[in-house]
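Enquirer: I have a structure I would like to understand better, so I am pasting it below and will then ask my questions one at a time.
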2 protein chains.
Amino acid sequence: MDWDNYRLILEIHRAGSIRAAAKQMGVDHSTISRRLSKLRQYLDDTVFEKTADGIGLTPAGQELLDAARQMEMIGFTADRRSKAHSNPERYKIRLSIPPSVCSLIVDDLKNFVIGNPDIELSLDSTFSRVDLDRSEADVVVRGTDNPPDHLVGRRLFPYFLCLYGQAEYLKKTDPEDYSWIYRDYEGEKPQWLLSSPYPDAPIGIKANDIVTRHNLAAEGLGLNCGACFMADPVPNLIRLEGVLPFRWEDFWVLTHPDLRKVPAIQKLMKFLSAALTKHRDLIEGRVPNPNHGE
Amino acid sequence: MDWDNYRLILEIHRAGSIRAAAKQMGVDHSTISRRLSKLRQYLDDTVFEKTADGIGLTPAGQELLDAARQMEMIGFTADRRSKAHSNPERYKIRLSIPPSVCSLIVDDLKNFVIGNPDIELSLDSTFSRVDLDRSEADVVVRGTDNPPDHLVGRRLFPYFLCLYGQAEYLKKTDPEDYSWIYRDYEGEKPQWLLSSPYPDAPIGIKANDIVTRHNLAAEGLGLNCGACFMADPVPNLIRLEGVLPFRWEDFWVLTHPDLRKVPAIQKLMKFLSAALTKHRDLIEGRVPNPNHGE
DNA sequence: CCATATTGGTGCATATACGCACCACCCAAA
DNA sequence: TTTGGGTGGTGCGTATATGCACCAATATGG
């Protein structure tokens, strides 16, 4: 029995269909189909059964799926611990960092990469919710007030938000026609909007990505609640009259306990703390745009 | 990462060499060599290292090996539980039974197989120590006084041993020249030998297999301590004068808890108990060879 | 010292698995 | 009904992996 069959079962179950599983595994769906056929005849066809809506598992297949899940977790753990033992002369680190924070410290990052040729840094901003337990990254920079308990790292300081608008937009638009840029949301309006100078202004453009909202605001498409460290350096984005920055989530630099003692990991985390601390005043909203008063 | 690589690491480590692992896995050694090469370059060569005596593991490789061992155990467990759910219309059972016991109840076994076409019985007498935890068998018949705690099943009754010799051997050989057939042993002589009529007779032929010793004794190559149920039915094998059968180990019919409730397993275990009980008098030494008195 | 057995590695012919294209099927919305 | 997007299955040419044959290197025993 090829142990990769466990992975096959797991991926097919997760994806829900052969084609989706194939896409996930980076192979053609015919390959998955044929592998499954072989597995079925090897196991006397007691794994999957065709149901009306997709693919279901037999009780026997459920047992194999449970095993596969456990194996996956064991594999992830082994990968991390294996990395912890690996050669310190050339260490690969996958860093997950929000794009906004990344662009803030990109110069420092550049210096870090140049100054540490022994560390092969791989930036990953694609996953909003990256999972260190699943070996999707080695270090994460995240803004949150509730980091996962089992991760280790440093809490830095909070970042502050404020309300912004493009200077021309604010000047040329009738305040009656102001509209907010916000995410596609359900339920009540957020507190900062209600206590803003324009609590009755409607939600205009919706965007779920914080960077997109920032860019939309900078282009003058509405009012936006954004991070100070993103908005304040932009000359034509100014804070709304009378609104003060307010504390939002804490910045954390986190890693997995298995990797804590790896020198390269420690070095990177120390650097990230220093790089962010260097911009602490900006992040905490103490460096407002000089155009503010206009 | 192909999960079968974990099995690769495990087998190479167990076997100690690439060729031995290949033999174990039923493929050519070149295949293993090439698979390992690929794995090494995938993992930056941090798994195995060549040492003076064979193949050693790096600390990173050790982590992967530990994972592989856990995966193996999970796989075995899943296999058992998967079997427990499988189609009751055609059930495969692997029965591990000592060859001696097998030949005793072979007629009954034949009837069982004929009478239960839904059960596909696979006899396995090759492993002296078969491991149910490792999915090497589903049911075992074993003579022991200390069955593994976690297995479940029935204790039947003890089998008895006695001391035997071929009739012609006993008649034509000077008792001064009698010799014992015994296993290749270390340490003290066993108690039954010391308290036998010929405690000073030397160990002649050595054989570790109980069936071989029985056959040797039946051919007249020495005295033997054997199971009553094996020796008593043989016409020219007679008990030594004045020696009474003595209790040895209990017979057990065992299976794994995961399989206990499978109907086919229950049916087989019930049959085995009945078949052995049918020969209880013979097994407990109450059917001596009628030639005994000669 | 040589003879022998065992180790891991490699070229080559072949067997196997793969991706691509296409098929039939199903279901939902137009 | 048609249309479109989804499913799983299959023939075919090709890429990959395998088995067999060798090889060199390394013990081990006579």
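The values are calculated or read from the model by the stated rules, or taken from the named source; none is laboratory data. Keep in mind it's a predicted model, so treat the numbers as computed, not measured. A quick note on method: Cβ atoms are made from the backbone with ideal geometry, for glycine too, and the neighbour counts reach across all protein chains shown. The protein model used for the area step is the full one, side chains on, heavy atoms only, and it has no ligands, DNA or RNA in it. Shrake-Rupley method; radii C 1.70, N 1.55, O 1.52, S 1.80 Å.
Enquirer: Could you give me the residue pairs with C-beta distances under 6 Å whose first residue belongs to the stretch B:18-44 and is more than 9 Å from DNA strand D (Cβ to nearest atom), whose second residue is open to solvent by 60 Å² or more (accessible area, probe 1.4 Å) wherever it lies, and which are 6+ apart or on separate chains?
Expert: Listed by first residue and then by second, the contacts come to B:Ile18/B:His29; B:Arg19/B:His29.
Enquirer: So B:Leu163 ticks every box in (1) assigned by TED's automatic domain parsing to the domain that holds B:Phe271; (2) within 24 Å of the chain's Cα centre (by Cα) but one. Which box is left unticked?
Expert: Against the list (1) assigned by TED's automatic domain parsing to the domain that holds B:Phe271; (2) within 24 Å of the chain's Cα centre (by Cα), B:Leu163 comes up short only on (1).
Every residue, every condition in (1) open to solvent by 40 Å² or more (accessible area, probe 1.4 Å); (2) at pLDDT 90 or above; (3) assigned to a helix (DSSP H, G or I); (4) more than 23 Å from B:Asn5 (Cα to Cα), yes or no:
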| residue | (1), (2), (3), (4) |
| --- | --- |
| A:Asp2 | yes, yes, no, no |
| A:Arg7 | yes, yes, yes, no |
| A:Arg34 | yes, yes, yes, no |
| A:Thr46 | no, no, no, yes |
| A:Asp53 | yes, no, no, yes |
| A:Gly56 | no, no, no, yes |
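Enquirer: Next question. Sort out which residues of the stretch A:247-266 are out of contact with any strand residue (DSSP E or B) (no Cβ under 6 Å at 6 or more places or on another chain) and surrounded by fewer than 17 Cβ atoms within 10 Å (Cβ to Cβ), and write them in order of number.
Expert: A:Lys261, A:Pro263, A:Gln266
Enquirer: State all residues of the stretch B:180-230 that are aliphatic (A, V, I, L, M), touching a residue at least 24 places away in the same chain (Cβ under 8 Å) and open to solvent by 60 Å² or more (accessible area, probe 1.4 Å); if no residue qualifies, say none.
Expert: Once the filter is applied, which keeps residues that are aliphatic (A, V, I, L, M), touching a residue at least 24 places away in the same chain (Cβ under 8 Å) and open to solvent by 60 Å² or more (accessible area, probe 1.4 Å), the stretch B:180-230 yields B:Ile205, B:Ile210, B:Leu221.
Enquirer: Select from the stretch B:81-118 the residues that are basic (Lys, Arg), open to solvent by 70 Å² or more (accessible area, probe 1.4 Å) and within 14 Å of another protein chain (Cβ to nearest Cβ) and list them in ascending order.
Expert: The answer is B:Arg81, B:Arg90, B:Lys92.
Enquirer: Hey, could you check the stretch A:274-294 for residues that are touching a strand residue (DSSP E or B) at 6+ places or on another chain (Cβ under 6 Å) and surrounded by 18 or more Cβ atoms within 10 Å (Cβ to Cβ) and say which is farthest from A:Pro147 (Cα to Cα)?
Expert: Once the filter is applied, the top-ranked residue is A:Asn289.
Enquirer: Looking at the stretch A:19-44, which of its residues are among the aliphatic types (A, V, I, L, M) and under 19 Å from A:Ala60 (Cβ atoms)?
Expert: Correct list: A:Leu36, A:Leu39, A:Leu43.
Enquirer: Residue check: is A:Leu123 surrounded by 15 or more Cβ atoms within 10 Å (Cβ to Cβ), touching a helix residue (DSSP H, G or I) at 6+ places or on another chain (Cβ under 9 Å), over 16 Å from A:Gln266 (Cβ atoms) and free of Cβ contacts under 8 Å to residues at least 40 places away in the same chain?
Expert: The answer is yes for A:Leu123.
Enquirer: Hey, another quick one. Just to be sure before I move on: is A:Pro175 assigned by TED's automatic domain parsing to the domain that holds A:Arg239, open to solvent by 30 Å² or more (accessible area, probe 1.4 Å) and within 25 Å of A:Glu284 (Cβ to Cβ) in the structure I sent?
Expert: In short, no.
Enquirer: So, in the stretch B:76-112, how many residues would count as being among the polar types (S, T, N, Q), modelled with pLDDT of 90 or more and in a helix (DSSP H, G or I)?
Expert: Number of matching residues: 4.
Enquirer: Which of (1) open to solvent by less than 30 Å² (accessible area, probe 1.4 Å); (2) in a loop (DSSP other than H, G, I, E, B) is the odd one out, the single condition B:Tyr169 does not satisfy?
Expert: (2)
Enquirer: Can you pull out the residues in the stretch A:1-32 that are more than 26 Å from B:Ser135 (Cα to Cα) and within 11 Å of chain B (Cβ to nearest Cβ)?
Expert: Listed by number, the list holds a single entry, A:Met25.
Enquirer: Which condition breaks for A:Tyr164 when tested against (1) more than 24 Å from A:Thr144 (Cβ to Cβ); (2) in a strand (DSSP E or B)?
Expert: Evaluating A:Tyr164 over (1) more than 24 Å from A:Thr144 (Cβ to Cβ); (2) in a strand (DSSP E or B) leaves (1) as the failure.
Enquirer: To continue, here is another question. Which of the residues spanning the stretch A:5-31 are of a type in the set (A, V, I, L, M) and more than 8 Å from DNA strand C (Cβ to nearest atom)?
Expert: Within the stretch A:5-31, A:Leu8, A:Ile9, A:Leu10, A:Ile12, A:Ala15, A:Ile18, A:Ala20, A:Ala21, A:Met25 qualify.
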